[in-house]
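The values are calculated or read from the model by the stated rules, or taken from the named source; none is laboratory data. Here the structure is a predicted model, which means the values were calculated and not measured. Neighbour counts are summed over all protein chains in view; Cβ atoms, including those assigned to glycine, are modelled from backbone coordinates with ideal geometry. SASA here: full protein model, heavy atoms, side chains in, ligands and nucleic acids out. Shrake-Rupley method; radii C 1.70, N 1.55, O 1.52, S 1.80 Å.
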Protein chains: 2
Amino acid sequence: MTTEATGAGVTEQALTSLRGTTDPRLRELLTGLVRHLHDFARETRLTQEEWERAIAFLTATGQACTDTRQEFILLSDVLGLSMLVETVNGHRAPGATESTVLGPFHMTESPVRALGDDIDLVGGGEPCVVSGRVLSEDGTPLPGALVDVWQADDKGFYDVQQPGAQPAGNGRGLFTAGTEGRFWFRTCVPAPYPIPTDGPVGGLLRATGRHPYRPAHIHFIATAEGHTPVTTHIFVAGGDYLDSDAVFAVKESLVQDFAETDDPSLAREFGVPNPLRHARFDLVLERAS
Amino acid sequence: MTTEATGAGVTEQALTSLRGTTDPRLRELLTGLVRHLHDFARETRLTQEEWERAIAFLTATGQACTDTRQEFILLSDVLGLSMLVETVNGHRAPGATESTVLGPFHMTESPVRALGDDIDLVGGGEPCVVSGRVLSEDGTPLPGALVDVWQADDKGFYDVQQPGAQPAGNGRGLFTAGTEGRFWFRTCVPAPYPIPTDGPVGGLLRATGRHPYRPAHIHFIATAEGHTPVTTHIFVAGGDYLDSDAVFAVKESLVQDFAETDDPSLAREFGVPNPLRHARFDLVLERAS
């Protein structure tokens, strides 16, 4: 084929137009983007009609975003891009807690709560206690570390998805680790849930014959001075969809027992009925270099 | 690097998830998209912060779209993607009129007009006449062919950009070719103009040190029974920016003289003062296979 027929001339012009980019990293990113975008269109021989559908899809995705919904993060999630970026950047010291995707629902500030508080402001789900320690990679406790937690309720919805039905801050809490880096809070056992399917991303999942479910999980961001923050989840062991998470976010090390524990003194300590469901999970942070 | 560190495992999972796509062409497109998107992020080692900026940029691009503005088409245009898709699909029989990009301003229906009508409803620019014939590739005239025309005014704005200041349909017309496939209309000589720079795409142009100008042009879509429609422009010969069009849409064969013509009988025929600016341009359509 001639240069004209493959569009190589257009690609060359587009790449040349980026040469004046002052920021060298932006130039590198845009150059890579143009190369891959053009190669994609050239290799698939993208038609005018398909291009029009893609434009319409991206436009609808942008317009589905609101203060409480991030459809572009959802799109990145279901294409595996979010998890890939996490993985490429998520190298950690051996033993440090592995990261996973942020997801589209960390969009409001979590309310500051005291250790032991119940983040399930509504009730009705199966109560449980989550406890652990924030540690440095060598095992040194990190008292004063911040532990930001958010989860869906027992019906599978985040507070921001149901502004009428759930109080703001339901399922969310910002905790400060105590002595020995310990944190603990009460909540309900999370349930698997479908990501929102009433927008463009839902249409994509239907067209690809994929289910929209995520296995049950609780989100964490742990931050401590002198350490690299970690964004992660814990997943409920034995639950559904652990091997087919709609957003590819499961890592084996993040799957945790939420075991029923018959331990009256523990129940008294946490102020919950015995027996109790209890997940123990340490957040181990890498020292910042 | 291990599979874990390069994210090859995530890419494999994302590709596997597309296997249930019923439509084989959609499966092919999504597979190509995931491969290129992941390769892009892997090769550039896209950081979490850069990913967040990209999400914010795409969201803002979607939210800048309205009934009269298409920021995603503009983005595709300035990245050269629109012109590439045109080029890959635009193979034409030798002698057929070459295509170029649709652009973001063909968003309202052009008003039906009679041959000879003036599409410049406001006046003030330099008047000119555009005339030509719609022909089949073998030279057979195509009377009854539709010629859809749109252009910016002499200040460089389309009607939809200035709903208060310009009457709807200014600079637009849908003409039906007459005997021997002839079409002709009056307008003002188009001027170069900047694409809209007050949105996310404007920010991209500034960051890359690019000017936002397009060389002066008039848009056409010609349609005739039994023929492949052509979407194209004519560009004003000798004008600025012909070698640095912000959207890479110039093809040599589309650059046309808008010559000053001293021809009293022609002026009388078109009902305009002599001398007149006159562009002659045939639209040659390929027979549909």
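Go ahead and collect, in residue order, the members of segment A:252-289 whose backbone nitrogen is under 12 Å from a label point 7 Å along the Cα-Cβ direction of A:Asp138.
Residues passing the 12 Å test: A:287.
Have a look at A:Phe220, A:Pro196, A:Ala207 and report the one farthest towards the positive end of the charge dipole of segment A:179-231, computed about the Cα centre with Cβ charges (Lys/Arg +1, Asp/Glu -1).
Of the candidates, A:Ala207 comes out farthest on the positive side.
Of the heavy-atom accessible surface of the protein assembly as shown (probe 1.4 angstrom), what whole percent is carbon and sulfur?
53
In Å², rounded to the nearest 100, what is the total accessible surface buried by chains B and A against each other with a 1.4 Å probe?
The contact between A and B buries close to 6000 Å².
Need one number: convex hull volume per residue for the protein assembly as shown, Cα atoms only, in Å³.
Cα-based convex hull of the protein assembly as shown, divided per residue, equals 167 Å³.
Starting from a label point 7 Å past Cα on the Cβ side, list the distances from A:Val112 to the same position in the other copies, nm, shortest first.
7.0
Taking amide H positions as placed 1.01 Å from N in the peptide plane, with prolines and chain starts having none, which residues 5 or more places from A:Val255, or on another chain, fall under 5 Å of its amide H?
For A:Val255, whose amide H was placed from the backbone, the distant partners under 5 Å are A:Phe235.
Kirkwood Rh over alpha-carbon pairs of chain A, then Stokes-Einstein at 4 °C and 1.567 mPa s: what D in µm² s⁻¹, rounded to an integer?
61
D for segment B:107-173, whole µm²/s, Stokes-Einstein with Kirkwood Rh over alpha-carbon pairs at 37 °C and 0.692 mPa s: what number?
Approximately 245 µm²/s, per Stokes-Einstein.
Nearest 20 debye, what's the magnitude of the dipole of segment B:81-285 about its Cα centre given +1 on Lys and Arg Cβ and -1 on Asp and Glu Cβ?
The dipole of segment B:81-285 has a size of about 320 debye.
Per residue, how much accessible area does chain B have with a 1.4 Å probe, in Å²?
Value for chain B: 43 Å² per residue.
Which of A:Val122, A:Ser99, A:Val10 sits farthest toward the positive end of the charge dipole of the protein assembly as shown, with +1 on the Cβ of Lys and Arg and -1 on the Cβ of Asp and Glu?
Sorting the options by dipole projection puts first A:Val10.
Please list, in order, the residues from segment A:207-246 whose amide nitrogen is less than 19 Å from a point placed 7 Å along the Cα→Cβ vector of A:Arg287.
Output list for this probe position: A:223-230.
Given Cβ point charges of +1 (Lys, Arg) and -1 (Asp, Glu) and nothing else, what value in debye, to the nearest 20, does the dipole of segment A:156-213 about its Cα centre take?
Roughly 100 debye for segment A:156-213.
Give me the net charge of A:Val189's neighbourhood, meaning all other residues with Cβ under 9 Å from the Cβ of A:Val189; Lys, Arg count +1, Asp, Glu -1.
That works out to -1.
Could you pull out every residue, at least 5 positions away or on a different chain, whose amide H is within less than 5 Å of the one on A:Leu115? Hs are placed 1.01 Å off N in the peptide plane, and Pro or chain starts have none.
Here A:Thr176 satisfy the definition.
How far, in whole Å, is the nearest Cβ of chain A from the axis relating it by rotation to chain B, and which residue carries it?
A:Gly62, 0
Over 5 Å intervals from 0, what percent of Cα-Cα pairs in segment A:3-46 sits in each interval?
Result returned by the calculation: 5, 23, 29, 22, 12, 7, 2.
Rounding to the nearest 20 debye, state how big the charge dipole of the protein assembly as shown is about its Cα centre with +1 on each Lys and Arg Cβ and -1 on each Asp and Glu Cβ.
Value, rounded to 20: 100 debye.
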